[in-house]
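Only the coordinates and a few stated rules stand behind these numbers; no lab work does. If you're wondering where the values come from, they're calculated on a predicted model, not measured in any experiment. Neighbour counts are summed over all protein chains in view; Cβ atoms, including those assigned to glycine, are modelled from backbone coordinates with ideal geometry.
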Ligand SMILES: [Zn+2]
């Protein structure tokens, strides 16, 4: 039999775009959950430890984040389970160029034809499939499938599709290119502001020092991100890692975004104090 060019839906023995990344927490992060409606046209199609959101704009679908490479088939299955066609996904918004949120993007783009939307520095990382030199976690290394179909948006830029307008909110710190996304979902006359927040936690490789002069843009980034999160209309918070937003898959308590920023603010202050003390000794 002559081998024909396989459809992407056919099982393949080794697919470089969905090849499982052997990371310690993969099983915990990707523990399955049924897809769930949050409010109006907004849904969750991700996992227990990694959020993936879906918005039905009425003129195409928008996905936020892509989890790990091996997660792509499950994300697409969740989209289908809600009654949508993954081919209607026009944009995939990215929160940060780290493998746990971006690893599955290349496979998702291949299956849907969607364009990935990210900040300038986010897009640089996604194009490379590797960490930037100024990333606090740079020393950890690691690579993931690079993304080619990219659109760069600036802080404050609004992406419009159908009846939905999604605002890009730069939230640097965890990575310099981190971006959060905000939009309104409505049911009848009731509308709620939803924020899909990038990771804001100060996590670094062992040798990294937030007090180093070279880290100043990262620390300033965190401070700007806290101010931004404090000021956002935020009825419902989805965080890239759900466990950073409180209990459950999302947080709809008043002040959810402010609490999210406050948690990081405390962690960073503690971390900076520890580094100062170590230097003083
Ligand atoms: Zn990260």
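Descriptive notes on the structure:
- Relative contact order (%) - criterion: Cα under 8 Å, at least six apart; region: the stretch 26-280: 15
- Cα-based shape type of the stretch 178-221, given that a ≥ b ≥ c are square roots of the gyration tensor eigenvalues and the cut on a/c is 1.5: prolate
- Projected-area average for the chain over all orientations - Cα convex hull basis, square nanometres: 15.5
- For the stretch 45-123: rounded, prolate or oblate by the Cα gyration tensor [a/c cutoff 1.5]: oblate
- Fraction of beta bridges assigned by DSSP in the chain that are antiparallel (%, nearest 5): 65
- Packing-based exposure ordering (other Cβ within 10 Å, fewest first) of 144, 183, 29: 29, 183, 144
- For the stretch 83-173: span of alpha carbons on each principal axis (Å, largest first): 42, 29, 20
- Stokes-Einstein diffusion coefficient of the stretch 54-98, Kirkwood radius over Cα pairs, 20 °C, 1.002 mPa s, in µm²/s: 195
- Note on the stretch 166-281: Cα Rg divided by 2.2 N^0.38 Å, N the number of residues, gives 1.16.
- Mean separation of Cα contacts under 8 Å (6+ apart) over length of the stretch 52-203, as relative contact order %: 20
- Gaussian network model of the chain, Cα within-10 Å springs - most flexible of 257, 186, 234: 186
- Mean separation of Cα contacts under 8 Å, 6 or more apart, over the residue count of the stretch 180-281: relative contact order %: 29
- By the count of neighbouring beta-carbon atoms within 10 Å, fewest first, 229, 179, 21 end up ordered 21, 229, 179.
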